[in-house]
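Contents: one structure, followed by commentary.
The values are calculated or read from the model by the stated rules, or taken from the named source; none is laboratory data. All values derive from a computational prediction rather than experimental measurement. We place every Cβ from the backbone using ideal geometry, glycine too, and count neighbours over all the protein chains shown.
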Amino acid sequence: MLGVARRLAVEAARVIEAITTFGSLGKRPLPLLLPLSLTLTGLVSLTQNLYSWAAALVFSLVMLPYARPRLRELAYLTLYLAVFAAVIELPVLITGQSRVAGLSQLYRPAPPSSWNIDGFLFFVARITLAPLPIVTLVYATGWPRVASTLYRIKHLRRVAGMLTLSLLLIPRSLRNLFSIVAAREARTFEEGYMREWKLLATAVGDFIADSTGYSKRLEMAIKARTFTEYPFEVRE
Amino acid sequence: MKPLLELRRVFFRYGKRSPYILSGVNLKIIRGKVYCIVGENGSGKTTLLHIMAGLLEPEKGEVLLDGKPLKEQLPRARRLIGILFQNPETMLFNPTVYDEIAYAPRQLFDEGETRKRVLESARLLGIEDLLERPTTSLSYGEKKVVALASIISYDPEIILLDEPLSNLHPERKRRVLNMIRSLAAKGKAVVITSPDLELLDNICDVTLTLSEGRLKEGG
Ligand SMILES: Nc1ncnc2c1ncn2[C@@H]1O[C@H](COP(=O)(O)OP(=O)(O)O)[C@@H](O)[C@H]1O
Ligand SMILES: [Mg+2]
């Protein structure tokens, strides 16, 4: 069980690490592509217009070749989203009625029948497709480029900066949690079913202490080499 | 000669109830010299370097860069100061070694010049073969040298190195020592900390000892 969790965590770390560098499309800002991808994402999640769905799909397919070095990670992310959507909407598939009332109102236009396969597929497709324009754009251009575009809009700078740091911290934390667990595992000889979860639970204290110290130092390290007001800005 | 960086009666502590880590530190840094700050573990060497880099603010006293308060010149003045953290692990925040070394020059130069500088820094430190590696996959010694390269790639005037030689194997240590000598020869001011003077291999022009919050001349 812990083995599976560890594999998932490492994979999730890779999915995020893949976008922390510039992509193959240079490093200038994206005054058109970024708003376009955000608009498409918005349209798919808020409307049921098939044209907007098609537009989102076309946009994502056009971005795909540019995301080539990170295709594996992009595929994983899409798969996660689809699985996540499927799990949430499982009750709809089986009972034909949503137990997640809010979500079903938002996402499922068809009235519930006994085996609501249409509604289920519709929901899964929508959750998976909606973020795809912005996600493929980020995988094609790299987060630093998207961030530097967001920095241009004063009110978005802090958000972009925080997202940037999260993208650095989350993968490192995921890897680190399991290295702390592994270090404890090596010193534990207890056997049995609960052993792994006990290990994980007791590692959490160390993990929090380590993460706080690390993020303080990291913030300093970024400051030390940043000559502009916000990190990840690029020269005009 | 006018000091490049100057500390005047600097006091510092972590929090109002904590003891002073630095209590009245004076220091003048001029170009072309290697300063060695020796002190036991916990004596405040790291804290002192962070103050010199403008990453921590003193509670009392002044930090002057080129005669003017450092904090009024931030963040732009940071391009004049490079700092190598004691733990290189916490210094790396880019996905690949290339990006790490390119992070600072990218803010100053176009991609062509940035590339030139990354390759030159990597060559000087003998890490050309690491450039495409993710920083997470490096060994401790490799991380330390990559962190050093990420500083020299933007050519700062003041270089602060927090225990740069600890835990390095002899070949890397030799390269780092050569690097320090050539930086001083080019007119940079270099400040090195160490728990032990002997580690520093006679590289110091000025040796200072940090103990009980004060800095004294001599080893
Ligand atoms: N972020 C911090 N918060 C509180 N105390 C700290 C912090 N960093 C260092 N200290 C304390 O300040 C003292 C000096 O630490 P430091 O500057 O790291 O010394 P050195 O580098 O010489 O080993 C130590 O007692 C240490 O425990
Ligand atoms: Mg220290």
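Residues of the stretch B:57-77 being within 18 Å of B:Lys28 (Cα to Cα) and either within 13 Å of ligand 1 (Cβ to nearest atom) or not hydrophobic (A, V, I, L, M, F, W, C) (or both), which ones? Explain how you work it out, then say what you get.
Kept after step one, since they are within 18 Å of B:Lys28 (Cα to Cα), are these residues of the stretch B:57-77: B:57-58, B:60-71, B:77.
B:Glu57, B:Pro58, B:Lys60, B:Gly61, B:Glu62, B:Asp66, B:Gly67, B:Lys68, B:Pro69, B:Lys71, listed by residue number.
Can you name the strands (runs of 3 or more DSSP E) wholly within the stretch B:1-118 that have at least 1 residues being within 16 Å of ligand 2 (Cβ to nearest atom)? Outline the logic, then answer.
Values: elements: B:5-12, B:22-29, B:34-38, B:60-65, B:81-84.
Of the strands (runs of 3 or more DSSP E) lying wholly inside the stretch B:1-118, those with at least 1 residues that are within 16 Å of ligand 2 (Cβ to nearest atom) span B:5-12, B:22-29, B:34-38, B:81-84.
Got a sec? Which of B:Thr209, B:Thr193 is within 30 Å of A:Leu168 (Cα to Cα) and within 16 Å of ligand 2 (Cβ to nearest atom)?
Working: B:Thr209 fails: within 30 Å of A:Leu168 (Cα to Cα).
Just a single option satisfies the conditions, and that option is B:Thr193.
Report, by residue number, each residue of the stretch B:145-162 that is in a helix (DSSP H, G or I) and either within 12 Å of the chain's Cα centre (by Cα) or within 12 Å of chain A (Cβ to nearest Cβ) (or both).
Quick first cut of the stretch B:145-162, residues in a helix (DSSP H, G or I) only: B:145-152.
The answer is B:Ala147, B:Leu148, B:Ala149, B:Ser150, B:Ile151, B:Ile152.
Considering only residues that are at the interface with chain A (Cβ under 9 Å from one of its Cβ atoms) and either under 15 Å from B:Leu48 (Cα atoms) or free of Cβ contacts under 8 Å to residues at least 40 places away in the same chain (or both), which ones fall in the stretch B:79-92?
The initial filter retains those residues of the stretch B:79-92 that are at the interface with chain A (Cβ under 9 Å from one of its Cβ atoms), namely B:79, B:81-83, B:85, B:87, B:89-92.
Within the stretch B:79-92, B:Ile81, B:Gly82, B:Ile83, B:Phe85, B:Asn87, B:Thr90 meet the criteria.
Taking the stated definitions as given, is A:Gly205 within 16 Å of ligand 2 (Cβ to nearest atom), part of a helix (DSSP H, G or I) and either buried (at least 16 other Cβ atoms within 10 Å of the Cβ) or assigned by TED's automatic domain parsing to the domain that holds A:Ala186 (or both)? Walk me through how you get there before you give the answer.
Numbers: within 16 Å of ligand 2 (Cβ to nearest atom): no; part of a helix (DSSP H, G or I): yes; either buried (at least 16 other Cβ atoms within 10 Å of the Cβ) or assigned by TED's automatic domain parsing to the domain that holds A:Ala186 (or both): yes.
Taking the combined requirement at face value, the residue does not satisfy it.
Taking the stretch B:163-199 on its own, how many of its residues are in a helix (DSSP H, G or I) and either over 18 Å from B:Thr209 (Cβ atoms) or within 15 Å of the chain's Cα centre (by Cα) (or both)? Can you show your working first?
So in the stretch B:163-199, the residues in a helix (DSSP H, G or I) come out as B:170-185, B:197-199.
Those still in the list that are either over 18 Å from B:Thr209 (Cβ atoms) or within 15 Å of the chain's Cα centre (by Cα) (or both) too: B:170-185.
Residues in the stretch B:163-199 being in a helix (DSSP H, G or I) and either over 18 Å from B:Thr209 (Cβ atoms) or within 15 Å of the chain's Cα centre (by Cα) (or both): 16 in total.
Within the stretch B:79-111, work out how many residues are modelled with pLDDT of 95 or more and more than 23 Å from B:Asp129 (Cβ to Cβ).
Residues in the stretch B:79-111 being modelled with pLDDT of 95 or more and more than 23 Å from B:Asp129 (Cβ to Cβ): 7 in total.
For the stretch B:93-131, give me the residue count where each residue is more than 11 Å from every other protein chain (Cβ to nearest Cβ) and farther than 30 Å from B:Leu56 by Cβ.
Here the count works out to 12.
How many of the residues making up the stretch A:151-162 are surrounded by 15 or more Cβ atoms within 10 Å (Cβ to Cβ) and among the hydrophobic types (A, V, I, L, M, F, W, C)?
Going through the stretch A:151-162 one residue at a time, the tally reaches 1.
It is to be established whether one or more residues within the stretch B:196-216 are closer than 16 Å to B:Thr47 by Cα, within 14 Å of chain A (Cβ to nearest Cβ) and within 13 Å of ligand 1 (Cβ to nearest atom). Steps first, answer last, please.
Of the residues in the stretch B:196-216, the ones closer than 16 Å to B:Thr47 by Cα are B:208-215.
Now restrict to residues that are within 14 Å of chain A (Cβ to nearest Cβ): none.
No.
Write out, first by first residue and then by second, each pair whose Cβ atoms fall under 6 Å of each other, whose residues are 6+ apart or on separate chains, and whose first residue, in the stretch B:191-207, is crowded, with 20+ Cβ neighbours inside 10 Å while the second is aliphatic (A, V, I, L, M).
As it stands, the answer is B:Val191/B:Leu160; B:Ile192/B:Leu161; B:Thr193/B:Ile37; B:Ser194/B:Val38; B:Ser194/B:Leu200; B:Cys204/B:Val34, since those pairs meet every condition given.
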